[in-house]
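The values are calculated or read from the model by the stated rules, or taken from the named source; none is laboratory data. Quantities reported herein were computed from a predicted structural model and do not represent experimental measurements. Backbone-built Cβ (ideal geometry, glycine too); neighbour counts: all protein chains shown.
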Amino acid sequence: MIPISKPEIGREEIEAVKSVLESGMLAQGEEVEEFEAKFASFIGVKHAIATNSGTSALHTALASAGIRRGDEVITTAFSFFATASAILMQGARPVFVDIDPRTYNINPEKVERAITERTKAIIPVHLYGQPCEMKELMAIAEEHRLMVIEDAAQAHGAMYGGRRVGSIGDMGVFSFYSTKNIITGEGGMITTDDDEIAERARMIRNHGQRRRYVHECLGYNYRMTNIAAAIGLVQLEKLEKLNARRISNARYYSEHLKVKPPYVAPHLRHVFHQYTIRVNSRSRAKFLHHLEAHGIGYGIYYPMPLPRQPAIAARVYCPEAELASGEVVSIPVHPGLKTEDIRRVVEVVNEYEE
Ligand SMILES: Cc1ncc(COP(=O)(O)O)c(C=O)c1O
């Protein structure tokens, strides 16, 4: 079986965890601080605040931005549930906007039409590792005085206009879940240049405390452990190498697969968290069965647009997100693939006939 994802864990990560375990300082401490400093410098921002998941990073980011009940937050109809649930956690209303079918990312033209006097923020998601059209989005946000929180959970190291994602909006949010471009098991990070937002985020992550046992605001236990940070520090060193392998695997697919390759906009760097193709929705089940029968792992990201999730049930119809959810199939593109694996994937996908 060629899996859809595989953690890249080597001796260095094992040694790093061992040394944290031997130190006896397992909770948030020096390793977390070092991971934050190095991540901030890699992304090109002043502050990085580590959390225990991408979801808690999103929630903390929204809380730090002052998003609350009665506010509206615009986001894409096509993402992982956490992008929307973090908005709900603040009691705010997610307003879903359809995607550009070429990139699967939020369509800036439609964002403008979704703005009301209650709109406070936009959460663009750099889906599959491809940056959103940030120039257009930032211009809209500036005109309407909206916060921009980039959901870069799938896009560590992706670039737009010479800048890394996570440094373009007011805040960026990352996930280090075990399938991501770099991993800590579970983990997340908020990036920002804003001193006040960073300070609030640090408090909210730690039960609203600036000083011990003085709780100035509602906060949570969203702290990262030193164990996770020790893995993250090693992974961050490897990120560029791991991304380069993803990009080169994707290039091989795009040159050799008979299906239409994913569209990559010319002015950006896509880091291929996923390599996603489209098949006819009527025959997708048959195609998936073909992959399975030949030992090729796959993923459907995502089979249901966010507005239709039972926990959300928003009364909005996003036709491009609906179409995509019925047609997308992601095939293995992770850095652990060997040359023979990539050739095998190409062979199996190419021999499929509807
Ligand atoms: C786009 C997106 N946003 C948010 C998240 C949430 O991250 P986590 O799983 O680390 O909580 C994920 C991860 O699955 C994601 O893909």
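Restricting to the stretch 96-122, name every residue that is touching a residue at least 60 places away in the same chain (Cβ under 8 Å) and either under 19 Å from Tyr317 (Cβ atoms) or touching an Asp or Glu at 6+ places or on another chain (Cβ under 7 Å) (or both). I'd like the intermediate steps shown before the answer.
Here is the first cut: in the stretch 96-122, the residues touching a residue at least 60 places away in the same chain (Cβ under 8 Å) are 96-104, 107.
Within the stretch 96-122, Phe96, Val97, Asp98, Ile99, Asp100, Pro101, Tyr104, Asn107 meet the criteria.
With the requirement that a residue be assigned to a helix (DSSP H, G or I) and among the hydrophobic types (A, V, I, L, M, F, W, C), what does the stretch 271-293 give you? Before you say what the answer is, go through the steps one by one.
Restricting attention to the stretch 271-293, the residues satisfying the condition of being assigned to a helix (DSSP H, G or I) are 281-293.
The answer is Ala285, Phe287, Leu288, Leu291, Ala293.
In the set (1) within 15 Å of the chain's Cα centre (by Cα); (2) more than 12 Å from the ligand (Cβ to nearest atom), the condition left unmet by Asp151 is number (2).
Can you pull out the residues in the stretch 294-309 that are in a loop (DSSP other than H, G, I, E, B), under 30 Å from Phe96 (Cα atoms) and touching a Lys or Arg at 6+ places or on another chain (Cβ under 9 Å)? So that I can check it myself, show each step before the final result.
So in the stretch 294-309, the residues in a loop (DSSP other than H, G, I, E, B) come out as 294-295, 297-298, 300-305, 309.
Restricting the remaining residues to those that are under 30 Å from Phe96 (Cα atoms) gives 298, 300-305, 309.
Ile300 - this is the single residue of the stretch 294-309 that is in a loop (DSSP other than H, G, I, E, B), under 30 Å from Phe96 (Cα atoms) and touching a Lys or Arg at 6+ places or on another chain (Cβ under 9 Å).
Considering each residue of the stretch 168-214, count those that are of a type in the set (Ser, Thr, Tyr) and surrounded by fewer than 21 Cβ atoms within 10 Å (Cβ to Cβ), and give that number.
At the first step, the residues of the stretch 168-214 found to be of a type in the set (Ser, Thr, Tyr) are 175, 177-179, 184, 191-192, 213.
Narrowing the set further to residues that are surrounded by fewer than 21 Cβ atoms within 10 Å (Cβ to Cβ) leaves 177-179, 213.
Adding up the residues that qualify gives 4.
As a summary of the residue check, Ser41 satisfies the conditions (1) among the small types (Gly, Ala, Ser); (2) within 27 Å of Asp195 (Cβ to Cβ); (3) touching a helix residue (DSSP H, G or I) at 6+ places or on another chain (Cβ under 6 Å) except for the one numbered (3).
Listed here are the residues, each with its yes/no results for (1) among the small types (Gly, Ala, Ser); (2) under 18 Å from the mean Cα position of the chain (by Cα).
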residue	(1), (2)
Phe78	no, yes
Ala84	yes, yes
Ile106	no, yes
Glu112	no, no
Arg164	no, yes
Asp170	no, yes
Val173	no, yes
Tyr177	no, yes
Lys180	no, yes
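Among the residues of the stretch 47-64, is any part of a strand (DSSP E or B), under 25 Å from Gly129 (Cβ atoms), away from the ligand (no atom under 16 Å from the Cβ) and within 20 Å of the chain's Cα centre (by Cα)? Yes - at least one qualifying residue is present in the stretch 47-64. Of all positions in the stretch 78-101, at least one carries a residue that is buried (at least 24 other Cβ atoms within 10 Å of the Cβ), away from the ligand (no atom under 16 Å from the Cβ), among the charged types (D, E, K, R) and at pLDDT 95 or above.
When the residues of the stretch 1-32 are narrowed to those that are assigned to a helix (DSSP H, G or I) and without any contact (Cβ under 8 Å) to a residue 60 or more places away in the chain, which ends up farthest from Ala155 (Cα to Cα)?
Kept after step one, since they are assigned to a helix (DSSP H, G or I), are these residues of the stretch 1-32: 11-23, 30-32.
Of the ones still in play, those that are also without any contact (Cβ under 8 Å) to a residue 60 or more places away in the chain are 11, 14-15, 18, 22.
On the way: Arg11: 25, Ile14: 25, Glu15: 27, Lys18: 29, Glu22: 33 Å.
Looking at residues that are assigned to a helix (DSSP H, G or I) and without any contact (Cβ under 8 Å) to a residue 60 or more places away in the chain, I get Glu22.
Residues that are within 28 Å of Arg245 (Cα to Cα) and not assigned by TED's automatic domain parsing to the domain that holds Ile277 do not occur anywhere in the stretch 84-97.
How many residues does the stretch 147-180 hold that are out of contact with any Gly (no Cβ under 7 Å at 6 or more places or on another chain) and in contact (Cβ under 8 Å) with a residue 60 or more places away in the chain?
First, the residues of the stretch 147-180 that are out of contact with any Gly (no Cβ under 7 Å at 6 or more places or on another chain): 147, 151, 156-157, 159-162, 168-171, 179-180.
Checking which are in contact (Cβ under 8 Å) with a residue 60 or more places away in the chain leaves us with 147, 151, 156-157, 159-161, 170-171, 179-180.
Residues in the stretch 147-180 being out of contact with any Gly (no Cβ under 7 Å at 6 or more places or on another chain) and in contact (Cβ under 8 Å) with a residue 60 or more places away in the chain: 11 in total.
Of the residues screened, Ala37 is one that is more than 13 Å from the ligand (Cβ to nearest atom) and either outside any loop (DSSP other than H, G, I, E, B) or touching a residue at least 40 places away in the same chain (Cβ under 8 Å) (or both).
One residue stands out among those in the stretch 218-240 that are among the small types (Gly, Ala, Ser) and touching a Ser or Thr at 6+ places or on another chain (Cβ under 8 Å): the one that is farthest from Leu26 (Cα to Cα), which is Gly232.
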